[in-house]
Structures are given as structure tokens and as C-alpha cells.
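Every number in this text was worked out from the coordinates using simple rules, so none of it is lab data. In this text the structure is predicted, and so the values were computed from the model without any measurement. Positions of Cβ are generated from backbone atoms using ideal geometry, with glycine treated the same way; all protein chains shown enter the neighbour counts.
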Amino acid sequence: MNTLNADLHCHSVISDGTLTPEELAVRAKAQGVELWALTDHDEIGGQARAAAAAAACGLDYLTGVEISVTFLHQTVHIVGLGFDVANAQLDQGLQKTRGGRSQRAQDMADDLARVGIQGAFEGALTYAGNPDLISRTHFARFLVDTGVCKDTYEVFRKYLTEGKPGFVEHRWASLKDAVNWITQAGGMAVIAHPARYKFSANEEMALFTEFKGHGGRGVEVVTGSHSSAESASYAATALEFGLAASRGSDFHSPAESRTELGALPALPVELTPVWALLADRIQRAPASTTALA
Ligand code: AMP
Ligand code: MN
Ligand code: MN
Ligand code: MN
């Protein structure tokens, strides 16, 4: 069960990835992924396409999303898996969460203009496959392609992050709302890439405790943004808090992502994988397609 090649975190052109849902499904299958979820930021507009493409190439599928949350003045990402895509409350919550992105992007561009970088809003927008979902990643691509930085890693070292040009403080969804939207839609809420946050030990304890209190049930243990030591550390946290464990590459683009779809270590054997608890939410690929693949 823990050795299943599940990849339950990646992005398409519907948010800040560079591949379509169909291209991702084909790529995931070719990389040996057995269970897949597309988790665009604050947006489920790609879910029907992803599920159809998964079925067509013989991949089992879970619905997915990655919701932006503000917790103790930091941005935390909560992945939702296995929810009903037609759920109205989830849809409204995501619409509200996306709503502030355009103004934020204008403010980011104004701040970049302050240091002499002109036209960043219009520039970033040309990279956004979905104009409602303009993100820092699109600004990063603009800054690379205009020669301001050599790659997106340099962008996030010099720009767009706290204290650097182009950073704008933003208030996303609350932890409670994000977990509730996912849970009442029949899905499971999962804390994404916990090692990426800069919380003190007490703050992190508060995050996990409140998350559980709101009904959150999982944590990403093996992800493209964790070292093996970080995975080991959050494996212990999963056991401590009685959370199921998830696994996902956070793949965005063949040119930018360090971790390929499905190319991750297996989940530690002592953990309960999220897919064991979501068995009835998995959209199984038609048997004939699987047999042919
Ligand atoms: P946003 O939701 O607009 O704040 O954009 C967040 C996205 O920017 C993340 O999902 C990543 O794709 C990207 N990102 C943020 N920080 C970094 C970083 N340090 N290095 C590379 N990409 C990053
Ligand atoms: Mn992203
Ligand atoms: Mn994330
Ligand atoms: Mn992500």
C-alpha cells in the first residue's frame, strides 16, 4: 500500500503550471504514476479535464486542489483530495480566495516599478493561462524571460518574497474555512509541504493542533520540497498527531521543476497513506485501458 506510486500534488496551466491537464496525465502515466491528483492553486476548473485524461490513459484519479491560507501572518497551503467537484460551498470559497489576486498582482507590479522594473503586470499576465489565477510564478517567468534573473530560484531569492521588491502582504482564506470547504465537500484536508514554512516550534504545534481541531486529516510527508531528513521529521509528526500521510511532487513545469512527476521516495511503512482512507473517492481507470497500458 505504501509503495504505490501516488503523486497527489502538481499544477497545470489552470494555475501556475506550464502543462495542460491532458499533458500532465500522459506524463504522469509515462513516469509510472499509478494514482494521480491535479492540485491547482485555489481553482478546480481543471478537474473534469484531468479526471477524463486520467481515465483515458489508465490512471486512477483523486480530485485535488491547493488552497492558499493565512495562518499566523504566513501563507500556508492546504491540499484537498477526493472532494466532490460540484460542491457549491467549496466553489464559492475558492472563488473568494482567488478574488484578490488581480489587485495583488497590480500592487506587486507597482512595487517592482519602484525598483525600475516596468510592465510586470502585463508581462506576468501573458504567462497566465487563467487570468483569474495570476500568481508569483507568472511574475517569476516574466523576470527570467526579460533577463532580470537567470532562473526562478534567483527570482525568489531577490524578489517577490518578504522584504524584497514585488512582495505584497496578502490575506488568504482562514485555516478553518479551507479545511471546512474541503471536508464538507466529502474530501480530505492535508497540510502541504510543512517544512517550507518558517514557524517556530510553538507556532508549528499550533498549526497542526488547530488543523486537526478543524477536521484536517493528512500531512504531506514525502514531497518535492522536502529533504529526506525533513520527510523523516514529518513522518514523526504524522504519527504524533494521528494524521495520514500524503506524497506529491509539486511538479509545475519540465523546465523549472526539480522533482519529476512520481519521482519520489516511497512513504515510510509505519504511516497510513491518505489513499488508504480515500479508497471510495478514487476514480478508477477503466480496466481495459489499464490492461492495454
Ligand atoms: P502565489 O500563490 O501567487 O503566492 O505564488 C506561490 C507560488 O510561487 C508557489 O506555488 C510556487 O509555485 C512559487 N514559489 C513560491 N516560493 C517559491 C520559491 N522560493 N521558489 C520557487 N517557487 C516558489
Ligand atoms: Mn505554484
Ligand atoms: Mn504550495
Ligand atoms: Mn503546489
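What does the convex hull of the Cα atoms of segment 28-97 come to per residue, in Å³, rounded to a whole number? It would help to have the intermediate numbers written out before the result.
Values: hull volume 6.2 nm³, N = 70.
Expressed per residue, the convex hull around the Cα atoms of segment 28-97 is 89 Å³.
Take every DSSP beta bridge whose two residues both sit in the chain, then give the antiparallel share in percent to the nearest 5.
Of the beta bridges lying entirely in the chain, close to 45 percent run antiparallel.
Using +1 at the C-beta of Lys and Arg and -1 at the C-beta of Asp and Glu, which of 51, 214, 85 has the Cα lying farthest in the positive direction of the dipole of the chain?
My answer, from the dipole projection, is 214.
Evaluate the Debye formula for segment 246-286 with equal point scatterers sitting on the alpha carbons, no solvent, and hand back log10 of I(q)/I(0) at q = 0.22, 0.26, 0.28, 0.33 Å⁻¹, in q order, two decimals.
Normalising to I(0) and taking log10 leaves -0.87, -0.94, -0.96, -1.06.
Would you order 176, 198 from fewest to most other beta-carbon atoms within 10 Å of each residue's own beta-carbon?
Sorted ascending by nearby Cβ count, the order is 198, 176.
About the Cα centre, and with charges only on the beta carbon of Lys, Arg (+1) and Asp, Glu (-1), how big is the dipole of the chain? Nearest 20 debye, please.
About 100 debye.
Over segment 101-158, one equal point on each Cα, no solvent: what is log10 I(q)/I(0) by the Debye formula at q = 0.18, 0.19, 0.24, 0.26 Å⁻¹?
-0.52, -0.59, -0.94, -1.09
Report Rg(Cα)/(2.2 N^0.38 Å) for segment 132-254, keeping two decimals.
Numbers: Rg = 16.5 Å, N = 123, 2.2 N^0.38 = 13.7 Å.
Expressed relative to 2.2 N^0.38 Å, the Cα Rg reads 1.21.
I need the peptides 129-141, 91-103, 263-275 ranked by packing, meaning the mean over residues of other C-beta atoms within 10 angstrom, with the highest value on top. Intermediate results must be reported in sequence, preceding the final value.
Values: 129-141: 20.8, 91-103: 16.1, 263-275: 18.8.
Top to bottom by mean Cβ count within 10 Å: 129-141, 263-275, 91-103.
For segment 223-293, just say rounded, prolate or oblate: build the C-alpha gyration tensor, square-root its eigenvalues into a ≥ b ≥ c, call rounded for a/c under 1.5, and beyond that prolate if a/b exceeds b/c, oblate if not. Let's see the in-between values first.
On the way: a/c = 2.64, a/b = 1.22, b/c = 2.17.
The shape class here is oblate.
Please quote Rg/Rh for the chain to two decimal places, taking the Kirkwood radius as Rh and restricting both calculations to Cα atoms. List each step's numbers first, then the result.
Details: Rg = 18.3 Å, Rh = 19.2 Å.
Taking Rg over the Kirkwood Rh, I get 0.95.
If you take the beta carbon distance between residue 210 and residue 164 as r and set R0 to 22 Å, what does 1/(1 + (r/R0)^6) give as a FRET efficiency, to the nearest 0.05?
E between residue 210 and residue 164, to the nearest 0.05, is 0.15.
Let's see if you can work this out: charge +1 on each Lys and Arg Cβ, -1 on each Asp and Glu Cβ, no other charges. What is the dipole magnitude of segment 159-244 about its Cα centre, in debye to the nearest 20?
Approximately 140 debye in magnitude.
Percentage of Cα-Cα pair distances in segment 5-68 greater than 13 Å, rounded to whole percent? Let's see the in-between values first.
Numbers: 1036 of 2016 pairs.
Everything past 13 Å amounts to 51 percent.
Using every alpha carbon pair in segment 207-261, what percent of pairs falls into each 10 Å bin from 0 up to the bin containing the largest distance?
Histogram of Cα-Cα distances, whole percents per bin: 25, 43, 25, 7.
Can you tell me what percent of all Cα-Cα pairs in segment 1-135 are more than 23 Å apart?
Working: 3594 of 9045 pairs.
Tail of the P(r) past 23 Å holds 40 percent of the pairs.
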